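The values are calculated or read from the model by the stated rules, or taken from the named source; none is laboratory data. The structure displayed is predicted, hence computed values, not measured ones. Note: ideal-geometry Cβ built from the backbone for every residue, glycine included; neighbour counts use all protein chains shown. Protein only, heavy atoms only, side chains kept; ligands, DNA and RNA dropped before computing areas. Shrake-Rupley method; radii C 1.70, N 1.55, O 1.52, S 1.80 Å.
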Amino acid sequence: MHDLDHRLARRVFDECLRQLGLDEVPLKTGGDRERLTERLDGLIGPSGNDPETVLSAFLRDVAPAILACDTPRFMAFVSCVPSKTSILFDLMVSAFTLHGISWLEAAGPVAAENQALRVLADAAGLPAGAGGCFVSGGSGGNLSALLVARDVGLSRRGGRIARPRVAVTADAHSSIGKALHVLGLDPLPVPTRDHRLTGAALRDVLARDPDRDDVVAVVATAGTTNGGLIDDLAGAAEVARERGLWLHVDAAYGGAGLLAPTVRGLFDGIERADSVVIDPHKWLFSPFDCAALLYRDPPRAKAVHTQRASYLDAIHDDDAGVWNPSDYAHHLTRRARGLPLWFGLAVHGTDAYRDAVENSLTMARYAADRVAGTDGLTLVCEPELSVVLFRRDGWGWDDYGKWSDRLLADQVAYVLPTEWDGEPVARLCFVHPETTKQLVDEVIDTIAPPLNVPAGPVRR
């Protein structure tokens, strides 16, 4: 197993180059479970197979059975659009077996990752001492940050709270609720009028709650997944300061906007957060999986997350000023997943990332203008980031579903409806830097009256 098969290596590299060389990745339509099970049956057994046989099965059956997210036509979710540069370097991370557990074992990768983390911390306006690590995604980042928030909050209150609570809104990411459940925390719901947490609403809820001292943290969102909206971060930060609450900002999707001058002001207050999560694999053009977890005061996180065992004593030489990524999240073993971002930033410069993010913002504003100027379409709210919500007058869930199915079948785009204030609406999410106005027009023209869902193929 550990001898290099040069023929296989050449085949793998050739296929990678072919994929990277595509002008546009095909959208595809997913896979059929029964067919996949049948085609893959028997591939794994005691004696193994010729590598070409297995590689052919991958290229024929596995790789095509997806909905490609790295295409401008993928508008359903916050997709992953890695740069070619970052993909190539991700290959090197694997080929060199680079990990990022501790400074003792991986000083070079850790130093490079910390340089990339510093770019994000500076963009957020966090102090010079801020830092953290890269984790697998927003879910892992939120869980790790809220674990610190819980323990710090309990310590501040002398550990006298039986069931700590965290202030959240209904628009917080679903991983927040899961993290609260795992950590034994209860939510304190904060009502919103326009799907945003505000300092005023938070202050009012706390003032009226008889058990307000049980609240240890507040979660604000900088770029809600459903609507792309940014909470009142400055207001939440002020209330958190008044009440001694940990302020966690989930900027997994929206944090890329920190690099964009046109929307940077919407993030005012994030510099006062105790912890921030930003996912480079969402809108900063890095491969899966990569989320940056930043702490305003890293020693607090280190006190909570450091794992102690006799076999780990060697990596915990605090006097040497080492930085162990394993001390800042719930993980121990981890790949150096921040290196593709580091390489991309170093090769292209932050201005290129700024311009790529700004293009998505421009496309969202263009789409919103198209909707607002089209009879029969209604813009739900002005886009703040790169999500556009709108409705087709008179349409219900079934109509949106048929529209979505038709666009996918004709490979025009992958879009999905969502719910907003109890009603179905269309949702377009732009994160691909090569999205064009022509593509936006192509999609909106399929839903704009008097056209209905076309009976035949959509003209491309």
| remark: Result for the chain: accessible area per residue, probe 1.4 angstrom, in square angstrom, of 46 Å²
| remark: Full extension between residue 107 and residue 32 adds, at 0.36 nm per residue less the Cα distance, a length in nm of 22.5 nm
| note | Projecting the Cα atoms of 205, 394, 345 onto the charge dipole of the chain, where Lys and Arg contribute +1 and Asp and Glu -1 at Cβ, the residue farthest towards the positive end is 205
| Given labels modelled 7 Å from the Cα in the Cβ direction, how far is it in nm from residue 62 to residue 182? | 2.6 nm
| request: For segment 56-192, just say rounded, prolate or oblate: build the C-alpha gyration tensor, square-root its eigenvalues into a ≥ b ≥ c, call rounded for a/c under 1.5, and beyond that prolate if a/b exceeds b/c, oblate if not. | output: oblate
| Quick one: putting +1 on the C-beta of Lys and Arg, -1 on the C-beta of Asp and Glu, what dipole do you get for the chain around its Cα centre, in Debye to the nearest 20? | 440 debye
| note | FRET efficiency for residue 4 and residue 409 from the Cβ-Cβ distance with R0 = 45 Å, rounded to 0.05, comes out at 0.55
| query | Within the accessible area of segment 283-387, what % is carbon and sulfur when the probe is 1.4 Å and the other protein chains stay in place? | reply | 49 percent
| note | Under the rule rounded for a/c under 1.5, else prolate if a/b exceeds b/c, else oblate, using alpha carbon gyration tensor axes a ≥ b ≥ c, segment 124-199 is classed as rounded
| field | In Hz, Karplus ³J(HN,Hα) per residue of segment 9-18 (6.51, -1.76, 1.60; θ = phi - 60°; x = Gly, Pro) | value | 4, 4, 5, 5, 5, 4, 5, 5, 5, 4
| With at most 14 other Cβ atoms within 10 Å, longest stretch of the chain clear of loop GluC sites (Glu not before Pro) (DSSP) | 25-433
| residue 23/residue 200 FRET efficiency (R0 51 Å; Cβ-Cβ; nearest 0.05) | 0.55
| What FRET efficiency, computed as 1/(1 + (r/R0)^6) with R0 = 41 Å and r the Cβ-Cβ distance, is obtained for residue 53 and residue 402, rounded to the nearest 0.05? | 0.50
| message | Looking only at the chain, where both bridge partners belong to it, what percent of the DSSP beta bridges are antiparallel (to the nearest 5)? | response | 60 percent
| remark: Taking segment 141-256, the equivalent ellipsoid from its C-alpha gyration tensor has semi-axes in Å, biggest first, of 21, 16, 12
| request: Quick one: of 402/437; 84/302; 178/282, which pairs are farther than 31 Å apart, Cα to Cα? | output: 84/302
| remark: Taking the chain and counting helices only, DSSP H stretches of n ≥ 4 at -39,500 (n - 2.57) each over all residues, the nearest-500 ellipticity at 222 nm comes to -12000 deg cm²/dmol
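Need one word for the chain: rounded, prolate or oblate. Basis is the Cα gyration tensor (sqrt eigenvalues a ≥ b ≥ c); a/c below 1.5 gives rounded, then a/b vs b/c decides.
Because a/c hits 1.5 or more and a/b fails to exceed b/c, the chain counts as oblate.
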| request: Provide the packing ranking of 3-13, 149-159, i.e. peptides ordered by the mean count of other C-beta atoms within 10 Å per residue, highest first. | output: 149-159, 3-13
